[in-house]
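Worksheet: one structure, shown below.
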Amino acid sequence: METIARRADEIVDEFAFFEDWMEKYEHLIELGRALPLIEDRYKTEEYRVHGCQAQVWLHAEHDGGVVRYRADSDALITKGLIALLVRVFSGQPPEAVAAARLDFLGRIGLDEHLSPTRKNGLAAMVRRMKHYALAFSETAKN
């Protein structure tokens, strides 16, 4: 199984290819467009990530010892951000997701190039994904 750190390093390498932030934003938008569609039944208040300026929906399942995430957003850059997180976290054990450090976000420059509202939204998405992972981890122990 490919680890979270390995996936994060691949994303850092991918973003290093682009010379300026307009190209990086375009890449983020493309990643969002490539994100598999979430089923409409998950586009409800129950699955909405609060703290994001845009609407973001996140669904998680614990399947075969790993967490599988599905997500969507009504804003292109935000959808690209959640696509990055889904790519890194989906298919990983819940304990690994809960403990993951996401320094790769800073290494690709997102901490410097996102507006404060997008940074808050990104933090809310990470918290929600880790919350799901912790819940699945606790359920598995019982």
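Can you find a residue that is touching a Phe, Trp or Tyr at 6+ places or on another chain (Cβ under 9 Å) and charged (D, E, K, R) anywhere in the range 48-67? Yes, the range 48-67 contains a residue that is touching a Phe, Trp or Tyr at 6+ places or on another chain (Cβ under 9 Å) and charged (D, E, K, R).
Being within 14 Å of residue 85 (Cα to Cα), of a type in the set (Asp, Glu) and loosely packed, with under 14 Cβ neighbours inside 10 Å is the requirement here; does residue 40 meet it? Answer is no for this residue.
Apart from one condition, residue 31 fits all of (1) under 19 Å from residue 114 (Cα atoms); (2) part of a strand (DSSP E or B); the exception is (2). Of the residues making up the range 123-139, those that are touching a helix residue (DSSP H, G or I) at 6+ places or on another chain (Cβ under 7 Å) and either open to solvent by less than 70 Å² (accessible area, probe 1.4 Å) or closer than 16 Å to residue 103 by Cβ (or both) number 7. Within the range 43-61, the set of residues being modelled with pLDDT of 95 or more and not polar (S, T, N, Q) comprises 43, 45, 46, 47, 48, 49, 56, 57, 58, 59, 60, 61.
Okay, residues lined up against (1) open to solvent by 50 Å² or more (accessible area, probe 1.4 Å); (2) within 22 Å of residue 131 (Cα to Cα); (3) assigned to a helix (DSSP H, G or I):
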| position | (1), (2), (3) |
| --- | --- |
| 7 | no, yes, yes |
| 19 | yes, no, no |
| 62 | yes, yes, no |
| 69 | no, yes, no |
| 78 | no, yes, yes |
| 87 | yes, yes, yes |
| 97 | no, yes, yes |
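The values are calculated or read from the model by the stated rules, or taken from the named source; none is laboratory data. Just so it is clear, the model here is predicted, and its values are computed rather than measured. Neighbour counts are summed over all protein chains in view; Cβ atoms, including those assigned to glycine, are modelled from backbone coordinates with ideal geometry. Areas reflect the complete protein model, heavy atoms only, side chains present, ligands, DNA and RNA absent. Shrake-Rupley method; radii C 1.70, N 1.55, O 1.52, S 1.80 Å.
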